[in-house]
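Structure first, then comments.
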Amino acid sequence: MELSRTWLRRFKSPAAQGALFAVLWLAVTNVTIYFIYLRAVDAVKEEIREGLLRNVNAAATIIDGDQHKQFKSKASKTDPAYIYLTQRLEALRKASKDVRYLYTNVIDSGKVYFIVNGSPQNDNDKDGRPDEAPQLMDSYPDAGQALLEALTKHKATVDREPYTDVWGTFYSAYAPFYDSRGRFVGTLGMDLELVTLQARLVPIGVAAQRAAFTSGILAVLFGTGVWYFRRTNKSLLQGRRQAESELGLISSGRSQDRRAAALQLAAVAQRLAEPGSGAKESGSSAEAASGYGQALQQYAKARLRQAPVEMANFELASVLQAAFQDDSTHPIQVQINRNVPKLLCGSADHLRDNLKTLATHPFAKANLGNLDTVDVDFERESLNALDLLITLGYQAQQDTRALRITSPTVNEGSTYAVFTITGIVSLDLSLELGNTVDASDNDATFTDFRLEYSSDAGNHWILYSWNGSTGNRPTVPAVGSLLVRVDISSEQDDVFDEAETFTLKAITDTGEAAVGIATIKDDGTGTIFNADGTVNTSSLKKDDRSADAKRPELAAIVEEPDLVGHVSDEQRLTFAASCEQIRAISGSIRFEHPGDLRYQLVVTIPFSKYIES
């Protein structure tokens, strides 16, 4: 067992894989070359056999069968007719390329005899003199199968492979000849030397050797290539695993920090929600503290990111109908893509409750308006899963507040964070900097920030110095909007701080207030403002994240520009809790503003497809 594991580890090495590929390449290509070589040799042999057979058939036509039958004894050797036939066959042999012997045979009582054979002989016995040629009526005890078949079946034949006898090794072909009455007399034999075959096989052998040599070179090149790419791939995989491991440690650390902060937040919320926690206060103040504590407790639980465990098949249309109950005054149009599966597997209650919160929550109604359209689609479909894509469309009402202020998201590389305040003309305003009440976000240090305002669209700026009775303070100009810029350069550093927030509160003399929340980011996002309050689109945005951590972060819906400060902190926290619950199951939610008085929340939640029970 240990030995097999050792070999398995060796096989996983790039060098072993490259060598194995080279060996397999050599084996496959050389076997292929060998079979191609054999097929080429067979084709050459077949061509030689066919040519030899044509030649012997043509030569057999010159033999007079009636005359040949007269040569029955050795005495006929001096017969002029015998001598003439011998000379004709020898002349024909000489005219044929590489033909060594040309002779006739007959068969009598099962024995094969030579009749005419005038071909000069080789010195097979190595005595320095040509051997004696087979004489008239000499028997041929070593007759091959092809000759016997020609004599007995009276048809032309040729050896399948070279045949060896006492006179040497040859390709032999035999053709029958007949008398004037068409009766079989004997056969004409033609022996071809192997010089022709060997000469024709030489280029085939050379080509096969060159192909094998080329295959060897390619095997080395491909084996080296496999080794190089496998080594590179192995190095990349190791780097990826190390990066994933480090990212996992970072994510685990952040998750633990997040959980610790959420638990601490839950403890604070529980103290606020406990009866008697506001003992020193009475009436509505205590009730408000308790209500805020309960909302904060709900948000803290959501921050723990505990996904629902129940998994069951459910009908999507029924869940959507339960989540978006039609209001007679504000009917909701639900549109489901016909390709979305009717049945899904997951937590139907989790989907229904959170979609209902997004649709009917006071925060959504106050900031986004009334929900009027729901479009359901899907993306990233796989064999057994998909991401459900739900777009909630809101129609906002005309904002009639006397005072409004924007909430910019600013890049840390920007010198200024610029707010826009709109309201009734000639309203005198007091300005205050501060931090949010949300304990889960990072507070910016605003003590070194400087406030300036402009009533003429950023052409001139005045330092804010109002102390409650004297100093400079802004008045809403005739154009209806006022620019306030805050110098945030003291926040600039090279350390990744995630998002930091601070607030700008504008207060009228009658006590009406509006709050804007500025978010400072150093992750490559956010706006860079020019000194005149316009947006700078050409400067490079600051990004202090490490290379492994540079991935887009989704801002909380409750911190989107111009969507805060219009409802109570309790409502804002409960709405944020619903957003966190969606993210707890690997979902996402993003805010879109496609047009005037039109807002959208795009919710993405992963689900499994219908599971057979």
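Taking R0 as 60 Å, what FRET efficiency do you get between ALA27 and ARG598 from their Cβ-Cβ distance, rounded to the nearest 0.05?
With R0 = 60 Å, the Cβ-Cβ based efficiency is 0.30.
At a 1.4 Å probe radius, which order do HIS330, HIS460 fall into by accessible area, largest first?
HIS460, HIS330
Need the full-extension length gain, LYS153 to MET311, defined as separation in residues times 0.36 nm minus the C-alpha distance. One decimal, nm.
Once the chain is fully extended between LYS153 and MET311, it gains 48.2 nm.
For TRP227, what accessible surface area do you get with a 1.4 Å probe? Give it in Å², rounded to 10.
90
Using the structure shown, select from LYS69/LYS153; LYS69/LYS97; LYS356/LYS521; LYS74/LYS97; LYS97/LYS155; LYS69/LYS111 the pairs with a Cα to Cα distance greater than 21 angstrom.
Too far apart for the 21 Å limit: LYS69/LYS97; LYS356/LYS521; LYS74/LYS97; LYS97/LYS155.
With every protein chain in place, what's the accessible area of TYR103 (1.4 Å probe, Å², nearest 10)?
Result for TYR103: roughly 10 Å² accessible.
Mind listing the long-range amide H neighbours of ARG598? Cut-off is under 5 Å, sequence gap 5 or more, other chains count too, H placed in the peptide plane at 1.01 Å from N.
Residues meeting the amide H criterion: ALA396.
Per residue of the range 145-154, in order, report the coupling 6.51 cos²θ - 1.76 cosθ + 1.60 (Karplus, θ = phi - 60°) as ³J(HN,Hα) in whole Hz, putting x for Gly and Pro.
5, 5, 5, 4, 5, 5, 6, 8, 9, 6
Suppose accessible area is computed on protein heavy atoms with a 1.4 Å probe; arrange LYS97, LYS77 from highest to lowest.
Descending accessible area places them as LYS97, LYS77.
Starting from the amide H of THR527, placed 1.01 Å from N in the peptide plane, find each other amide H under 5 Å away whose residue is 5 or more places distant or on another chain.
THR409, VAL410, ASN411
What's the center-to-center distance, using Cα atoms, between the range 160-206 and the range 9-56 in Å?
So the separation of the two Cα centres works out to 29 Å.
Given the whole protein assembly as supplied and a 1.4 Å probe, what does the accessible area of PHE170 come to in Å², nearest 10?
Surface accessible to solvent at PHE170 totals approximately 10 Å².
Could you go through the range 28-41 in sequence order and give the Karplus-derived ³J(HN,Hα) for each residue, using 6.51 cos²θ - 1.76 cosθ + 1.60 with θ = phi - 60°, rounded to whole Hz, and x for Gly and Pro?
5, 5, 6, 4, 4, 4, 4, 5, 5, 4, 4, 5, 5, 4
List the residues whose amide H sits under 5 Å from the amide H of TRP466, counting only those 5 or more places along or on another chain, with H placed 1.01 Å from N in the peptide plane.
ASN472
Let's test the formula: R0 of 56 Å, r as the Cβ-Cβ distance of GLN145 and ARG240. What FRET efficiency results, to the nearest 0.05?
So, using R0 = 56 Å, E works out to roughly 0.20.
Can you tell me the FRET efficiency between ALA212 and ASP138 if r is taken as the Cβ-Cβ distance and R0 is 45 Å, rounded to the nearest 0.05?
Step by step, r from the Cβ atoms, then E = 0.40.
Testing the spin-label approximation: label points 7 Å from Cα along Cα→Cβ at SER539 and GLN67. State their distance in nm.
12.0
Using only the heavy atoms of the protein chains and a 1.4 Å probe, how would GLU592, GLU244 rank by accessible area, largest first?
I get GLU244, GLU592, largest accessible area first.
Can you tell me how much longer the chain between ASN472 and LEU383 gets when fully stretched, taken as 0.36 nm per residue apart minus their C-alpha distance, in nm with one decimal?
Gain in length upon complete extension: 25.4 nm.
On full extension of the chain, what length is gained from SER13 through ASN442, given 0.36 nm per residue of separation minus the C-alpha to C-alpha distance?
149.5 nm
The values are calculated or read from the model by the stated rules, or taken from the named source; none is laboratory data. In this text the structure is predicted, and so the values were computed from the model without any measurement. Cβ coordinates were reconstructed from backbone atoms using ideal geometry, including for glycine residues, and neighbour counts include every protein chain displayed. For accessibility, only protein heavy atoms count, side chains too; no ligands or nucleic acids. Shrake-Rupley method; radii C 1.70, N 1.55, O 1.52, S 1.80 Å.
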